[in-house]
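*Asks:* A single structure is presented below for examination.
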Amino acid sequence: MDLRKLKTLVDLVSESNISELEITEAEGKVRIVKAAAAAAQPQMVAYALPPAAAAAAAEAPRAAASPVAGEAAETAPAETGQVVTSPMVGTFYRASSPGAKPLAEVGATVKESDPVCIIEAMKIMNEIEAGHAGTITKVLVENGQPVEFGQALFVIE
């Protein structure tokens with residue numbers, strides 16, 4: 001889904017009486033939820049790649065990654081299991097608000113559709129789903145850290 005279409009959907013939700021909109025297309029799923037109280041802007045937007053595209057997106061950045069001078073090279077997790085990757089560039093948050101409990105912690109059991117984190121991109125909060133059922137064995141990103149497209153976020157076994 002292109003950015004213009006996404007912005008149009010966000011505007012539609014914010015200007016209407018609906019509180020939630022979910023659209024599924026071939027390239028993914030978008031869910032927009034309007035904030036409950038006085039906000040005129042939608043609070044959450046979720047975008048998930050289909051499994052085949054998510055796997056391809058996860059492999060491409062790893063293959064092309066090279067260490068930047070002065071920084072240690074990050075290695076791919078050696079654990080067995082599924083890796084949840086970032087579908088976009090943005091800022092990683094473990095909880096929906098600063099004082100709230102993290103959406104997912106090490107040892108937590110998650111279902112495919114469970115939200116595990118939020119990535120803020122262009123002032124829009126994007127709720128990221130687990131994509132795989134299992135137990136979270138590792139959190140690979142710190143709260144508030146910038147993330148890249150395809151960057152590993154969690155390991156689920």
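*Asks:* Sort out which residues of segment 119-142 are in contact (Cβ under 8 Å) with a residue 60 or more places away in the chain and aliphatic (A, V, I, L, M), and write them in order of number.
*Replies:* Ile124, Met125, Ile128, Leu140
*Asks:* Here's a follow-up. Within the bounds of segment 139-157, is there any residue that is closer than 11 Å to Ser86 by Cβ, surrounded by 13 or more Cβ atoms within 10 Å (Cβ to Cβ) and in contact with a helix residue (DSSP H, G or I) (Cβ under 6 Å, 6 or more places away or on another chain)?
*Replies:* Yes, that holds for at least one residue.
*Asks:* Then there's this: Name the residues in segment 85-113 that are surrounded by 19 or more Cβ atoms within 10 Å (Cβ to Cβ), over 14 Å from Glu148 (Cα atoms) and not hydrophobic (A, V, I, L, M, F, W, C), would you?
*Replies:* If the condition is that a residue be surrounded by 19 or more Cβ atoms within 10 Å (Cβ to Cβ), over 14 Å from Glu148 (Cα atoms) and not hydrophobic (A, V, I, L, M, F, W, C), then Arg94 is the only one that fits.
*Asks:* Next question, about the same structure. Restricting the first residue to segment 89-100 and requiring it to be touching a residue at least 60 places away in the same chain (Cβ under 8 Å), which pairs with a second residue that is aliphatic (A, V, I, L, M) meet a Cβ separation below 6 Å and a spacing of at least six or different chains?
*Replies:* Close Cβ pairs satisfying both conditions: Phe92/Ile119; Phe92/Val141; Phe92/Val147.
No lab work stands behind these numbers, since they all come straight from the coordinates. Model, not experiment: these values are computed from the prediction. Reconstructed Cβ throughout: ideal geometry from the backbone, glycine too, with neighbour counts over all protein chains shown.
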